Amino acid sequence: FSKIPKVSRDLQSRVPPYAKLLTNLEKVHKITNNEPLTLAEKILYSHLTNPEESFGGSSGVSAFRDIRGKEYLKLSPDRVAMQDASAQMAMLQFMTTGLPDTSVPTSIHCDHLVVGKNGEEYDLPKSKDANKEVFDFLESCSQRYGITFWGPGSGIIHQIVLENYSAPGLMMLGTDSHTPNAGGLGAIAIGVGGADAVDAMTATPWELKAPKVMGIKLTGKLSGWSAPKDIITTIAGKLTVRGGTGYILEYFGEGVDSLSCTGMATICNMGAEVGATTSLFPYNDAHRRYLAATGRKQIANAADVALNEYNFLRSDKYAQYDDVLEINLSELEPTVNGPFTPDLSTKISEYAETSLKENWPQNISVGLIGSCTNSSYQDMSRVVDLVNQAAKAGLKPKIPFFVTPGSEQIRATLERDGIMKTFTDNGAIVLGNACGPCIGQWDRDDVPKDTKQTNSIFTSFNRNFRARNDGNRNTMNFLTSPEIVTAMIYSGDAQFNPLKDSITTPEGKKFTFKAPKGEELPQNGFEHGRDVFYPEADPKANAQVEVKVSPDSDRLQLLEPFKPWNGKELKTTVLLKVKGKCTTDHISAAGVWLKYKGHLENISYNTLIGAQNYETDEVNKVYDLDGKGYDIPGLMMKWKDEHRPWIVLAEHNYGEGSAREHAALSPRYLGGEIILVKSFARIHETNLKKQGMLPLTFADEADFDKIASGDVLETVNLADMVAKNGDNGGELDVKVTKRNGETFIIKAKHTMSKDQINFFKAGSAINYIGEQRRN
Ligand code: SF4
């Protein structure tokens, strides 16, 4: 693969190792007898630590067919990115390994802890002050271990990754569920917990069950009001929040060519909302243009050779998808998804009627645009076209309007091109380059925090679980394109359809928006922005730097390793049966709790506080064996003190949502041993295994109804399962003892691989990695 051109020194850590990947892929082609591969398979399999082992010794068509959805792959990712909230626990775990530096290029991004209220100038100093201890900790970790540190105000992790690190054929892990955003530039980028990131940072093979591949065929062409956001909100409506579970979504078809690279990133970003492992697009001209515009033309040149000379970065002609979904972009209509779930999809032409029928608020209270999902130049130039149209007609926004730029680079470019000024002249509040309202860091003052009255907000964000944006469970949050959010702020009325309805101007005339127009990329290139927000590129580790954690801190706490398995069967008491949807936001709430991400004991007071008790319908309420009521973490702590291990039962897609590993760490810390559910969301199930918990699913879902809180559940043949090294999944017998003494056996399923059994035995994945290093 000698034709792959070399890149200059400053880009060396950012170009995927094409020659190495192609060498690996050649081995895979041999094993699979040159069966045609999808793009997802090519990139994933080219990152196998050892292709021969992953294909289980089989070869030819059977090797090719048997791997998807069955075998565990051991992978060597090229890069790691972490956001400030999850990086704390990842770094605390990394520190326990005693290694001097990270094995792959790694970056930390301070974005989640920045609160939005009045604008960057006012908000950023306050947030820096409030989180100084955490930012200092992350910065000192970065200096010590050679990590690139993007400080507060520099931007949102996924936008910065797209602008700097994502590249066609790259494989990266990110400690955030929207890491797949980088798939918009042809990377396989997967959202994981901190313990998985530590695998990559310590060059420990990272395990993933070989995903199935769903082909999403895009036909036709986007035009008019329809935007990339509408593609994914439409797909979410079709696939639902569980439809992508176990799949990589691979886009193909002529419709791809009508999309910008940033538009593709929006689509990949929200693949997380259908539970997909990740999403990606094939390398094309839009990627070449974006790489060139962001100072990485040499990477495009290398990718071109990998594509044209060696047939990498695209799927093979007769590649087979496990499923195919077709979307005709020419027929696509703007879509509004919500409230409370990203898959409740309503076409804009039906929104007015549906909102009346469903009793959704008719007054929209706030519009918010930007975030990692939708703050590209294309998004903002289309939005400003609408703002200019309205301003020309003498209109002002009727409701508060917030703009969150994704990075300093995009903010500075929008400022240079007058777009920011148009926003602020028209009443918008431009928040800092950070997550802010998207993750509950919104100091909202237009509605009382504890109000029981519903209100409705329109956002261009990606997620809309209850209480996500402002901590208020009664805020109905609707996800749509930035164009639709912007048009709606001029009416503030749920009955308004911006595609056809008019607004009366101050002069009494009728004004109707024309479809927005924008530019894919800034004509004058991207502006660098303020130097203060840029880190040193490729920093070297410095063992002299001391990483300080005060024993009195309420924000940071050094980790005590979890105890290893004692070799006995697990005997647990049912603490809670959860009713319905239970996302990682329900299990480990964000908002005000984000500040305790580095302090396991303190954050554990949020465990499952959003969960609804199946038996009583109460939220955050459980009952001890004597009938006394507690909040959920309260009873967990009590039972921990009493040495009464507990189990939680739940329904489908438990742990849906984010890669939040605290949703696994806290239950483990509080004495939980088993989570038994009807089905799991992938990342959360893996996170539970990494923390040494036993995630099980009901072999017969009807058994859920036979068990009540206070019943005792005991594994019967766990020792056999461990002795068999997991066998990559299987069944386990669980003995149920009801409170009246009646007993029966139920069957539960597990998906533990050999390595995951080792994590369980060692007490956690980190314990196991530490053991391996010491031996
Ligand atoms: Fe930040 Fe929201 Fe993007 Fe998550 S989804 S990275 S919280 S902007």
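What follows is calculated from the coordinates using simple rules that are stated; it is not laboratory data. Just so it is clear, the structure is predicted and the values come from calculations on it, not from any experiment. Every residue, glycine as well, gets a Cβ built from its backbone with ideal geometry; the counts of neighbours run over all protein chains shown.
Quick notes
- Shape annotation for region 571-774: C-alpha extents along the principal axes are 45, 44, 30 Å, from largest to smallest.
- Unit charges at the beta carbon, dipole of the chain: most positive-side option, PRO228, VAL622, PRO506: PRO228
- Cβ-based charge dipole, the chain, positive-most Cα from ASN613, SER371, PHE1: PHE1
- Averaging 1/r over every pair of different alpha carbons in the chain and inverting the result gives a Kirkwood radius of 26.5 Å.
- Relative contact order, whole percent, for region 601-712 stands at 22, derived from Cα pairs under 8 Å and 6 or more residues apart.
- Net length gained if the chain between SER58 and VAL716 were fully extended (0.36 nm per residue, minus Cα distance): 233.5 nm
- Anisotropy class of region 630-746 from Cα gyration tensor, a/c 1.5 cut: rounded
- Within region 697-775, GluC sites (Glu not before Pro) in DSSP loop having at most 14 other beta-carbon neighbours inside 10 Å: GLU742
- Pairs from the list LYS640/LYS735; LYS579/LYS738; LYS229/LYS540; LYS27/LYS724; LYS357/LYS452; LYS597/LYS761 with a Cα-Cα gap above 32 Å: LYS229/LYS540.
- Taking the Cα centre of the chain as origin and assigning +1 to Lys and Arg Cβ atoms and -1 to Asp and Glu Cβ atoms, the resulting dipole is close to 420 debye.
- FRET efficiency, 1/(1 + (r/R0)^6) with R0 51 Å, evaluated for GLN453 and GLU331 via beta carbons: 0.85
- Within region 277-377, GluC sites (Glu not before Pro) in DSSP loop having at most 11 other beta-carbon neighbours inside 10 Å: GLU358
- Of the residues GLN159, THR346, ASN426, the one whose Cα sits farthest towards the positive end of the charge dipole of the chain is GLN159 (charges of +1 on Lys and Arg Cβ, -1 on Asp and Glu Cβ, taken about the Cα centre).
- Mean separation of Cα contacts under 8 Å (6+ apart) over length of the chain, as relative contact order %: 14 percent
- By the helix-only formula, in which each DSSP H run with n ≥ 4 contributes -39500 (n - 2.57) and the sum is divided by residues, the chain has a 222 nm mean residue ellipticity of -9000 deg cm²/dmol.
- With the highest mean first, a sort of the peptides 379-389, 680-690, 507-517 on other beta-carbon atoms found within 10 angstrom per residue produces 680-690, 379-389, 507-517.
- Note on LYS30 and GLU618: the extension gain reaches 205.9 nm, defined as 0.36 nm multiplied by sequence separation minus the Cα-Cα distance.
- Between GLU536 and THR219, the distance separating the two model label sites (each 7 Å from Cα on the Cα→Cβ line) works out to 5.6 nm.
- Rounded to 0.05, the FRET efficiency of the SER103 and ALA699 pair, given R0 = 35 Å and the Cβ-Cβ distance, is 0.30.
- Each of the peptides 487-493, 542-548, 584-590, 707-713 was scored by the mean count of other Cβ atoms within 10 Å over its residues; in descending order, highest first, they stand as 584-590, 487-493, 707-713, 542-548.
- Theoretical FRET efficiency, 1/(1+(r/R0)^6), r = Cβ-Cβ of ASP626 and LYS396, R0 51 Å, to 0.05: 0.25
- Gain in span if fully extended, ARG739 to HIS528, counting 0.36 nm per residue against the direct Cα distance: 69.4 nm
- Pairwise label distance in nanometres, GLU601 with ASP316, each label 7 Å out on the Cα-Cβ vector: 5.7 nm
- Relative protection proxy for 76-82, 616-622, from highest mean packing down: 76-82, 616-622 (other beta-carbon atoms within 10 angstrom).
- Put the Cα centre of region 361-403 next to the Cα centre of region 52-67 and the gap is 52 Å.
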